[in-house]
Amino acid sequence: MSRGKGKIERGPAKQNLPVKVCPVCDRPFSWRKKWAKTCDQVRYCSEGCREARKS
């Protein structure tokens, strides 16, 4: 019994994901799927760092 007709396309391996450094806490953070369309606009690793930058 066959399950499906096509091959599943996979994204990049976790080791090959882009990494950025948060300007507030200087910690590295990697690409997340929910940022796929806005990766260039993401600057901070978390909401906490984003809020801290405003203050």
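The values are calculated or read from the model by the stated rules, or taken from the named source; none is laboratory data. Keep in mind that this is a model prediction, so the values were computed, not measured. Ligands, DNA and RNA are stripped out before the accessible areas are found, and what is left, the full protein with its side chains, is counted by its heavy atoms. Shrake-Rupley method; radii C 1.70, N 1.55, O 1.52, S 1.80 Å.
Observations on the model:
- Filtered by the rule that a residue be acidic (Asp, Glu) and part of a loop (DSSP other than H, G, I, E, B), the range 37-55 gives a lone residue, ASP40.
- Members of the range 14-31 that are open to solvent by 100 Å² or more (accessible area, probe 1.4 Å) and modelled with pLDDT of 90 or more: ASP26, ARG27
- Among the residues of this structure, GLY11 does not count as one that is assigned to a helix (DSSP H, G or I) and either at pLDDT 85 or above or open to solvent by less than 100 Å² (accessible area, probe 1.4 Å) (or both).
- Residues in the range 32-55 that are among the polar types (S, T, N, Q) and either at pLDDT 90 or above or open to solvent by less than 100 Å² (accessible area, probe 1.4 Å) (or both): THR38, GLN41, SER46.
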